[in-house]
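Please read the structure below before turning to the comments.
Readers should treat all values here as calculations from the given coordinates under stated rules, not as data from a laboratory. No experiment lies behind these values; they were computed from the predicted model shown. Note that each Cβ is placed from the backbone with ideal geometry, even for glycine, and that neighbours are counted across all protein chains shown.
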Ligand code: HEC
Ligand code: HEC
Ligand code: HEC
Ligand code: HEC
Ligand code: HEC
Ligand code: HEC
Ligand code: HEC
Ligand code: HEC
Ligand code: HEC
Ligand code: HEC
Ligand code: HEC
Ligand code: HEC
């Protein structure tokens, strides 16, 4: 059994050993210093390096970034500074206004409500916000629809333009005038924002005319008169509903004295689509 005095001497010696050991070492582990690692400032991360973690932003820019395909940090001058305790998200995000003016005028200052993703700036989704704003930027189309009233005037822009920039086919909503009429023909007579103002060039339209004016077409086809070789659009030229003067083609068919007395050609020739024989 150890004496009380020799026990306290033993503890004192232990404390001495321990304290001299701590005085010589600041850490309980050994990690060598590498000051050369800190000699130069780091190079800025490239977009490829950011993309190792932020694939979404990178791929957005890669596929549909357009003119926004420059350095991430061209916009993100501050990064990794968001702190939920400070609720500073909006503060650390880039601002459109630091590089752009109110490009579309004072009624479209809320950029992000249409350009919802700055990494795909030209992708503008068809939202109620956009659908209500077409005329802000396309005043001419709106004005045309109003100036030439038709049933299209009351069709909302986004019912035809279902996504921004999309131009619909007439066949999405209409059938052709006759079977096999090609869709390319429609625009040769109809301008979509004033569809009732039908105009056309050339003469090769009998089949279309016949789809509505079947009786006249049939009469003209059967007539013995040489008008059966004349196309509808040769007489009814350029504009739907145009009625020609006979003298546009027949300069001076009879002596002036007769025509002065009987100015109405059809008074004698009766039916232009089925001229009776005058012999
Ligand atoms: C033209 C400016 C611009 C460029 C270039 C840009 N960003 Fe952004 N970025 C923004 C804006 C503005 C926001 C804020 C969007 C919001 O408020 O939702 C944002 C948000 C972010 C966010 C947070 C929201 C999210 O989508 O997760 C990340 C991450 C991000 N950007 C990464 C990048 C990376 C990586 C690059 C480069 C590959 C990059 N950005 C290039 C403007 C830009
Ligand atoms: C090693 C992975 C990694 C790299 C590299 C990286 N980030 Fe981040 N970043 C994160 C993480 C994690 C968050 C927080 C979670 C989140 O928002 O996705 C974040 C958040 C962000 C945010 C939103 C929050 C904030 O505080 O800004 C932006 C913007 C951002 N990073 C941009 C960048 C840009 C630009 C680069 C390149 C210069 C980059 N990051 C490089 C991992 C990374
Ligand atoms: C750091 C500057 C910067 C910031 C911030 C910025 N942009 Fe841009 N943006 C540009 C530049 C530069 C162009 C190209 C301009 C040119 O070529 O005339 C551009 C072009 C665009 C384009 C046309 C893209 C194309 O490919 O034609 C849109 C749309 C756009 N920006 C919207 C925005 C919106 C919305 C924001 C805010 C969310 C924003 N930008 C933030 C610099 C910026
Ligand atoms: C009501 C919706 C809307 C709002 C709000 C809006 N934009 Fe746009 N912006 C568009 C549409 C749609 C386009 C055409 C996109 C395309 O080319 O298909 C466009 C195009 C652009 C272009 C390219 C212009 C060009 O002539 O090629 C820039 C730059 C732009 N917007 C910046 C902004 C900025 C900055 C703001 C905020 C001040 C903003 N936009 C607000 C819908 C909007
Ligand atoms: C903030 C302005 C803005 C708004 C709002 C806007 N557009 Fe546009 N739109 C543009 C710009 C800019 C272009 C590209 C012009 C170009 O490429 O010549 C464009 C292009 C188009 C095109 C294609 C033009 C072509 O010749 O190919 C159509 C169609 C169109 N817009 C319809 C609409 C409709 C419909 C709406 C409403 C739902 C709308 N836009 C709202 C600015 C706008
Ligand atoms: C009944 C369907 C329809 C409606 C309604 C309609 N559009 Fe169009 N729009 C079209 C078609 C089809 C084209 C393509 C015309 C072409 O290529 O000749 C077009 C073309 C356009 C273009 C491209 C320029 C051009 O004239 O080719 C713009 C811009 C446009 N429309 C805007 C509008 C706006 C704004 C509205 C509403 C005020 C609207 N449209 C209503 C069908 C429609
Ligand atoms: C999104 C559907 C839609 C598209 C696409 C569309 N229209 Fe229409 N159009 C209508 C509706 C709806 C009416 C009204 C029909 C009714 O009341 O019977 C109409 C009516 C018309 C009328 C008669 C106008 C009037 O006032 O009597 C013409 C002509 C017409 N469309 C031509 C066209 C042509 C040509 C195209 C292609 C360039 C086209 N439409 C594309 C929906 C459409
Ligand atoms: C040769 C000219 C011409 C061509 C080509 C043409 N149309 Fe028409 N369309 C007309 C005329 C004329 C009307 C009658 C206008 C009126 O009643 O004032 C009309 C009327 C319409 C109407 C109104 C409804 C009706 O039947 O009265 C629609 C819809 C229409 N066209 C769609 C089309 C489509 C779709 C095409 C393409 C496949 C097309 N049109 C090609 C001349 C043409
Ligand atoms: C979709 C049906 C339709 C088509 C296709 C059509 N028309 Fe008509 N057309 C009408 C209707 C309906 C009227 C009478 C109402 C009106 O004046 O708009 C009419 C009236 C006319 C008139 C008489 C105008 C007046 O002042 O009395 C002429 C001439 C005419 N059409 C010629 C043509 C010719 C030529 C074509 C082919 C290029 C054609 N139409 C194609 C439906 C059509
Ligand atoms: C677009 C030109 C054009 C118009 C307009 C026109 N015609 Fe003709 N007409 C002709 C042609 C072509 C012939 C055949 C001449 C030939 O073969 O030498 C013809 C022949 C005739 C003939 C000879 C009889 C026959 O059977 O060949 C008479 C009569 C005639 N037209 C009367 C009229 C009258 C009346 C009008 C007005 C109501 C009229 N035409 C309008 C082009 C036209
Ligand atoms: C030789 C010239 C000529 C040709 C060819 C011709 N028309 Fe006419 N058409 C006229 C003239 C002139 C009138 C006016 C007659 C009147 O005042 O009674 C007219 C009147 C009409 C009318 C309105 C009056 C009515 O009778 O309903 C329609 C519709 C019409 N033409 C359709 C056609 C169609 C469809 C064709 C082709 C199948 C055609 N026309 C070929 C000269 C022509
Ligand atoms: C008073 C009745 C009368 C009037 C009015 C009249 N015609 Fe005639 N027209 C005739 C008779 C009868 C013939 C047939 C006899 C002949 O061959 O000379 C004829 C023949 C024609 C011929 C055929 C000539 C040929 O060489 O084959 C043409 C073309 C013609 N008329 C056009 C017109 C035009 C255009 C008008 C109006 C400017 C018109 N006519 C007014 C009675 C008339």
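Of note:
- The residues 270, 220, 275, when put in order of fewest to most other Cβ atoms within 10 Å, stand as 270, 275, 220.
- Burial ordering of 96, 232, fewest other beta-carbon atoms within 10 Å first: 96, 232
- More than 13 Å apart - percent of Cα-Cα pairs taken over region 235-279: 64
- Computed on the Cα atoms alone, the convex hull of region 44-200 gives a volume of 169 cubic angstrom per residue.
- Each 5 Å bin from zero up to the one holding the largest Cα-Cα distance in the chain carries the following percent of pairs: 1, 4, 6, 8, 8, 7, 6, 6, 6, 5, 5, 5, 4, 4, 4, 3, 3, 2, 2, 2, 1, 1, 1, 1, 1, 1, 1, 1, 1, 0, 0, 0, 0.
- Residue order for 93, 278, fewest other beta carbons within 10 angstrom first, comes to 278, 93.
- Here the spin labels are modelled as points 7 Å beyond Cα on the Cα-Cβ line, and at residue 48 and residue 188 they lie 5.4 nm apart.
- Full extension of the chain segment joining residue 153 with residue 231 gains 24.8 nm, where the gain is 0.36 nm per residue of separation less the Cα-Cα distance.
- Stretching the chain fully between residue 26 and residue 256 yields a gain of 70.1 nm (0.36 nm per residue, less the alpha carbon separation).
- Model label points for residue 115 and residue 174, set 7 angstrom from Cα along the Cα-to-Cβ axis, are 3.7 nm apart.
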